[in-house]
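Below is one structure, written out as structure tokens, with a few remarks after it.
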Amino acid sequence: VQLQASGGGLVQAGGSLRLSCAASGRTFSSYVMGWFRQAPGKEREFVAAISGSSGSTYYADSAKGRFTISRDNAKNTVYLQMNSLKPEDTAVYYCAARSATSARTSNPQSYNYWGQGTQVTVSS
């Protein structure tokens, strides 16, 4: 599986961005898709995940109520809608895929495939 993330950019605090991650391959719907982020000097952290078939979702506490993960299996694409952005959301955002059924994992080592990352910068 090859992943290509896009949609990052510079936005003011309180603004919104929608990230997209396009995946190659014919079995996209069988993968759990996740979003992670990494700020300078910090470890990569989990943001959100969505299962392949049922579309069940799982969020980090920092994302609940502000971010929404969704997927379009017909387009092999997963999205991350980010609203009410804060300066502390500034990071490189990565999409990832794992061959599993449950989205309820925040461990990046559980994911087998990673995209290249897209920069999100939130100014105060």
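Any idea how many residues of the stretch 16-44 are of a type in the set (V, I, T) and either at pLDDT below 95 or surrounded by fewer than 14 Cβ atoms within 10 Å (Cβ to Cβ) (or both)? Give the derivation first.
From the stretch 16-44, those of a type in the set (V, I, T) are 27, 32; that's our starting set.
Then keep just the ones that are either at pLDDT below 95 or surrounded by fewer than 14 Cβ atoms within 10 Å (Cβ to Cβ) (or both); that gives 27.
Looking only at that region, the number is 1.
Does L10 meet the test of being surrounded by 14 or more Cβ atoms within 10 Å (Cβ to Cβ) and modelled with pLDDT of 95 or more?
no
Would you mention how many residues in the stretch 55-75 are within 13 Å of the chain's Cα centre (by Cα), open to solvent by 60 Å² or more (accessible area, probe 1.4 Å) and hydrophobic (A, V, I, L, M, F, W, C)?
Count: 0.
Could you please give the count of residues in the stretch 76-99 that are open to solvent by less than 30 Å² (accessible area, probe 1.4 Å) and more than 13 Å from A23 (Cβ to Cβ)?
6
When you scan the stretch 110-124, how many residues do you find that are open to solvent by 20 Å² or more (accessible area, probe 1.4 Å) and over 15 Å from the mean Cα position of the chain (by Cα)?
3
Tell me the strands (runs of 3 or more DSSP E) entirely within the stretch 3-89 that contain at least 1 residues that are over 21 Å from S110 (Cβ atoms).
Working: elements: 3-6, 9-12, 17-23, 32-38, 45-50, 57-59, 67-72, 77-82.
Passing ranges, in order: 3-6, 9-12, 17-23, 67-72, 77-82.
The values are calculated or read from the model by the stated rules, or taken from the named source; none is laboratory data. Values in this document were obtained by computation on a predicted structure and should not be read as measured data. Glycine gets a Cβ as well: all are built from the backbone with ideal geometry, and neighbour counts include every protein chain shown. We work out accessible area using only protein heavy atoms, side chains counted, and drop any ligands, DNA or RNA first. Shrake-Rupley method; radii C 1.70, N 1.55, O 1.52, S 1.80 Å.
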